[in-house]
Amino acid sequence: MTLKVDDLRISYRTLRGDVRAVDGVSFSIADGEIMGLAGESGCGKSTLGNSLIFLEGRMKHVGGTVELDGANLPIADYNAMNRHRLRDVSVVPQYAMSALNPTRKIGRMTADLIKSRGADYRKVLEEFKRRIDLVGLPQNVLNMYPFELSGGMRQRTTMVISTLLNPSLLIGDEITSALDVTTQRAVGEMLMEFRDRGFVKSMIVITHDLSVLAQIADSILVMYAGKLAEKASSSTIVDNPLHPYTQMLIGSLPEVGLRYDEAPLTGIPGRPPSLLNPPTGCRFKDRCPFAFDKCVEEPPFVELRPGHEVACWKAMDDNAPARTEAASQGAPASQGAQS
Amino acid sequence: MSMLEIENVSKVYRTGTFGGELKLVLRRVSFNIDRGEVVSLIGQSGSGKSTLGKIILRLSPLSAGTINFEGTDIATWAKGQLRDYYRHVQGVFQDPFSSYNPLYKADRVFEMVRSVYFPKLRGQQWHGKIESALESVSLNPADVLNKFPHQLSGGQQQRLLIARALLLEVKLLVADEIISMLDASTRVDVLNLLVDLKRKGLGILFITHDLSLGNYISDKTVILREGAIVEMGDTQKVFGNPQHSYTQSLLTAVPQLHRRWAGGGERAPASVAVNGAANSVVGGLTPAHVAKRLVDDGALPDGEGGRYSQSSLHPAPTSGPQKLLHTPKAPGPGPGPRPSLMDIPDQPWQRRFGFGAPNLAAVLAADNTQPLVECEPGHFVAVEDDL
């Protein structure tokens, strides 16, 4: 088990009170697992990702623990986290341009970075060059400034630098969102390759694009309004989602090669609730077509089928009697989540 | 006669230190948009798709070719009379957050329209007009009027901008990536709205890099690569039976829910190679493809184009079994050492400073983009070269 997050709560301090962006989130990631984190904007997915590596000033750790490789990760302590950043936890930011220092050559910048982590740059230099080669960049990028590289090259450079010290956990926040399809595919396949080669042990890929996650992730965690909605292997989430929110999210994705003249897709009406004073009970109930009287209570996040956890009263009702049969059906599809 | 007729439009941007470099970003693009038709313009970043949108909106002049709107060449509208053109042709852009002034309330965009186009309209009539426009984009006036932009969601903001366009007798809407900043859950609503407007007779140029969105909404699809159309026709034909290898490779790269990327293939799709080529410079600098064509024509010995042989158009032979990516080397300009100011072949340094810069006509004449071939009725494909 690489990462174990237990009842994590993160708030943003604002003048009007605390915005509870991550509200009691527990999950774990196995070795070699790529976990996708999906949801609408404002559901807390980026906050969750950021909190694991760098808690901004306005973010407050309210409660909960994070365990990485069996040891506690002191996410609330900026200085104590410094020992873990890049070595144990690393991040690939969305905008590769802003991640690279424009006034330093790539090699020099990397050297500074590695030294600041107390490692010897000369020792990793060989490996650095090998990986630069591996992602199809010329060796002389080390002697280039960021502005000399194209967007795709910068993205790859950033990914190599982020994973240079073989971190246990890599967090990728919307790294494929702004790219066009061919580059998107290249980056996605690179992530998988990095995992397969053991450059990183496990990964959290944050995106709102479920179709990208269906390509690269082993398991998908869907968040809604700061809470977990559903977690299962990616094939289960895509083919057999139980939470109405996941179902509607998937139902709103157009696909190439289908005609929609007769049956247009529908979006999800409404907006996610404000997290300043989150509603009681199920947070999705105002937008949910299946909401019923029980939804005023908060649904627990429970395992309804092996490896398939959902927080929804309706899904629980539907699956409660058939739980034993469903278990045998769901079993083969859910290996990724609970290995 | 179509509503909008785009004929052989080329566009050259002037770049470089003192404007000494000319960059051909659109090559003889021709297609039509009819009333009540959605045409999606699909291309990678740098393919020139937004440039074409800007040209249609008269935000940027064209270098060659003509665009006729309802039979009139749009270049003939004088600056002072453009408002009559904008009465019929409007645009909505990618980033809704930067389309509003955060200091003012969002419905100020309506007031701007009023002051220019309807200065004499009374309050009551004007309100009726706004309400009917908001209704046609399915917004509740109470939800959006009198609010600041930050109080509205991205989807609401985009719909408000579309409503603004509908206040006028708009016939053509240029929608430049209007969906890409929106969440998956609100995207579909905006898309369905465009479909509704189309049924009411609005012509829409839908510019996107997302093939699945183009597939969802459009009647006709135009696929642009390096500023030239590689394939166009009815959406069903282009997506169902793609003829050009570039279209095919784009389609295989689309992430889909129920089908994983096939293969992870060893064959590098040509599309990726092309990514950086849009940055090639025509004219004074020897661009990779011109160099290549000269080599092919025997005008240059093979080594001459050497400086550019690293470029994306000539992916270095993929060697070694340990290739990580299916992509070829480095899409993008300038892998390899940057040529210094003084030693660019065929590019005396004076030229970089604008002395004796290549003239526009020469650049346009050097463009040998061939007309498209009709492979089946209503389905046009570019002749594939061996790039």
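Based on the mean of other Cβ atoms within 10 Å per residue, sort peptides A:146-156, B:91-101 so the most packed one is first.
Working: A:146-156: 22.2, B:91-101: 17.6.
Averaged packing, sorted descending, gives the order A:146-156, B:91-101.
In peptide B:246-258, what is the residue-averaged number of other protein chain Cβ atoms found within 10 Å of each Cβ?
Details: counts 1, 0, 0, 3, 4, 3, 3, 8, 9, 16, 8, 13, 6.
Per-residue shielding by partner chains comes out at 6.
Percent of accessible area on chain A owned by carbon and sulfur, 1.4 Å probe?
50
In terms of solvent-accessible area of protein heavy atoms at a 1.4 angstrom probe, what is the ranking of B:Ser30, A:Ser202, highest value first? Provide the component values of the computation, followed by the final result.
Numbers: B:Ser30 40, A:Ser202 0 Å².
So the residues, ranked largest to smallest area, are B:Ser30, A:Ser202.
How fast does the range B:1-143 diffuse by Stokes-Einstein, in µm²/s, taking the Kirkwood radius from C-alpha pairs at 10 °C and 1.306 mPa s?
Working: Rh = 17.9 Å.
Roughly 88 µm²/s, to the nearest whole number.
When you look at the Cβ of every residue in A:241-250, what mean number of other chain Cβ atoms sits within 10 Å? Walk me through the intermediate numbers first.
Details: counts 0, 0, 0, 0, 1, 0, 0, 2, 3, 2.
Counting Cβ atoms of other protein chains within 10 Å of each residue's Cβ and averaging gives 1.
Rounded to the nearest 0.05, what FRET efficiency is calculated for B:Gln370 and B:Tyr104 with R0 set to 60 Å and r the Cβ-Cβ distance?
On the way: r = 50 Å, r/R0 = 0.83.
That pair, B:Gln370 with B:Tyr104, gives E of 0.75.
Using only the heavy atoms of the protein chains and a 1.4 Å probe, how would A:Val62, B:Val363 rank by accessible area, largest first?
Working: A:Val62 80, B:Val363 0 Å².
So, going from the largest accessible area down, we get A:Val62, B:Val363.
How big is chain A along each principal axis, measuring the range of its Cα positions in Å and listing the largest first?
Rounded to whole Å, the extents work out to 63, 47, 38 Å.
Quick one: net charge around A:Leu3, please, counting Lys, Arg +1 and Asp, Glu -1 for every other residue with C-beta under 12 Å from its C-beta. Each step should come with its number before you reach the end.
Working: positive: A:Lys4, A:Lys201; negative: A:Asp6, A:Asp31, A:Glu33, A:Glu67, A:Asp69, A:Asp88.
The answer is -4.
Tabulate in residue order the Karplus-calculated ³J(HN,Hα) for the range B:218-225, using 6.51 cos²θ - 1.76 cosθ + 1.60 with θ = phi - 60°, rounded to whole Hz; enter x for Gly and Pro.
Along the range B:218-225, the couplings run 9, 8, 10, 10, 10, 10, 10, 9 Hz.
With a cut-off of at most 16 other beta carbons within 10 Å, and DSSP calling the residue loop, which GluC sites (Glu not before Pro) in the range A:24-65 qualify? Please list them. Write down the numbers at each step before the final one.
Working: sites: A:Glu33, A:Glu40, A:Glu56; in loops: A:Glu33, A:Glu40, A:Glu56.
For GluC sites (Glu not before Pro) across the range A:24-65 that sit outside H, G, I, E and B with at most 16 neighbouring Cβ atoms in 10 Å, the list reads A:Glu56.
Just how large is the dipole of the range B:156-262 about the Cα centre, in debye to the nearest 20, putting +1 at every Lys and Arg Cβ and -1 at every Asp and Glu Cβ?
Numbers: 12 positive and 11 negative charges, 43 e Å.
Once rounded to the nearest 20, the dipole reads 200 debye.
Output ³J(HN,Hα) for the range A:265-270: one whole-Hz value per residue in order, computed from phi by the Karplus curve 6.51 cos²θ - 1.76 cosθ + 1.60 with θ = phi - 60°, and x for Gly and Pro.
So the J values, rounded to whole Hz, are 6, 10, x, 9, x, x.
Taking the Cα centre of chain A as origin and charging only Cβ (+1 Lys, Arg; -1 Asp, Glu), how large is the dipole, in debye to the nearest 20? Could the numbers behind the result be given before it?
On the way: 38 positive and 40 negative charges, 287 e Å.
That gives a dipole near 1380 debye.
Which one of A:Ile206, A:Leu169, A:Gln155 is farthest out on the positive end of the charge dipole of chain A, using unit charges on Cβ (Lys, Arg +1; Asp, Glu -1) and the Cα centre as origin?
Positive-most Cα among the choices belongs to A:Gln155.
Under a Cβ-only charge scheme (Lys and Arg +1, Asp and Glu -1), can you give me the dipole magnitude of the range A:75-197 about the Cα centre, in debye to the nearest 20?
Numbers: 18 positive and 14 negative charges, 99 e Å.
Dipole magnitude for the range A:75-197 comes out near 480 debye.
If r is the Cβ-Cβ distance from A:Asp239 to B:Lys147 and R0 is 35 Å, what FRET efficiency results, to the nearest 0.05? Intermediate results must be reported in sequence, preceding the final value.
Details: r = 40 Å, r/R0 = 1.15.
The pair A:Asp239/B:Lys147 has a calculated efficiency of 0.30.
Which whole-angstrom value gives the distance between the alpha carbon centres of the range A:31-106 and the range A:257-322?
28
Using Stokes-Einstein with the Kirkwood hydrodynamic radius over Cα pairs, what translational diffusion coefficient do you get for the range A:1-151 at 25 °C and a viscosity of 0.890 mPa s, in µm²/s rounded to a whole number?
Numbers: Rh = 17.7 Å.
Stokes-Einstein gives a translational diffusion coefficient of 139 µm²/s.
I want the local charge near A:Lys294. Using Cβ-Cβ distances under 11 Å, sum +1 for each Lys or Arg and -1 for each Asp or Glu among the other residues.
Result for the neighbourhood of A:Lys294: -2.
Which of the three applies to the range A:117-169, rounded, prolate or oblate, going by the alpha-carbon gyration tensor with a ≥ b ≥ c and a/c under 1.5 meaning rounded? Working shown, then result.
Working: a/c = 1.80, a/b = 1.50, b/c = 1.20.
The shape class here is prolate.
For chain A, can you list the cysteines whose C-beta has no other cysteine C-beta under 4.7 Å from it?
A:Cys43, A:Cys288, A:Cys312
Classify the range B:40-112 as rounded, prolate or oblate from the Cα gyration tensor: take a ≥ b ≥ c as the square roots of its eigenvalues, call it rounded if a/c is under 1.5, otherwise prolate when a/b beats b/c and oblate if not.
Numbers: a/c = 2.57, a/b = 1.28, b/c = 2.01.
Oblate.
If you take the accessible area of A alone plus B alone and subtract the pair, what total do you get in square angstrom, rounded to 100, with a 1.4 Å probe?
Numbers: alone 16100 and 19380 Å², together 30460 Å².
Roughly 5000 Å².
Between A:Thr65 and B:Ser138, what FRET efficiency comes out of the Förster formula 1/(1 + (r/R0)^6) with R0 = 56 Å and r the beta carbon distance, rounded to 0.05?
Details: r = 46 Å, r/R0 = 0.82.
My answer for the efficiency is 0.75.
Using a 7 Å offset from the Cα along the Cα-to-Cβ direction at both A:Lys105 and A:Asp6, what is the distance between the two label points in nm, to one decimal?
4.9
I want the local charge near B:Pro255. Using Cβ-Cβ distances under 12 Å, sum +1 for each Lys or Arg and -1 for each Asp or Glu among the other residues.
On the way: positive: A:Arg185, B:Arg259, B:Arg260; negative: A:Asp180, A:Glu189, A:Asp209, A:Glu255, B:Asp210.
Net charge around B:Pro255: -2.
Tell me, what ³J(HN,Hα) does each residue in the range A:231-239 have, in order and in whole Hz, if you take phi through Karplus 6.51 cos²θ - 1.76 cosθ + 1.60 with θ = phi - 60° and put x for Gly and Pro?
In residue order, the calculated couplings are 9, 6, 5, 5, 5, 5, 4, 6, 8 Hz.
Which pairs, out of B:Lys11/B:Lys220; A:Lys285/B:Lys105; A:Lys227/A:Lys314, put more than 27 Å between their alpha-carbon atoms?
Details: B:Lys11/B:Lys220 23 Å; A:Lys285/B:Lys105 31 Å; A:Lys227/A:Lys314 17 Å.
Result: A:Lys285/B:Lys105 exceed 27 Å.
Using 0.36 nm times the number of residues separating A:Asn79 and A:Ser177, minus their current alpha carbon distance, what extension gain do you get? Let's see the in-between values first.
Numbers: separation 98, 0.36 × 98 = 35.28 nm, distance 3.14 nm.
Full extension from A:Asn79 to A:Ser177 adds 32.1 nm.
Excluding same-chain residues fewer than 8 positions from B:Lys200, which aspartates and glutamates have a Cα within less than 16 Å of its Cα?
Straight-distance partners of B:Lys200: A:Asp261, B:Asp34, B:Glu37, B:Glu135, B:Glu169, B:Asp219.
The values are calculated or read from the model by the stated rules, or taken from the named source; none is laboratory data. For clarity, every value in this text was computed on a predicted model and none was experimentally measured. Cβ atoms come from the backbone with ideal geometry, glycine included; neighbour counts cover every protein chain shown. Calculation scope for accessible area: heavy atoms of the full protein, side chains included, ligands and nucleic acids excluded. Shrake-Rupley method; radii C 1.70, N 1.55, O 1.52, S 1.80 Å.
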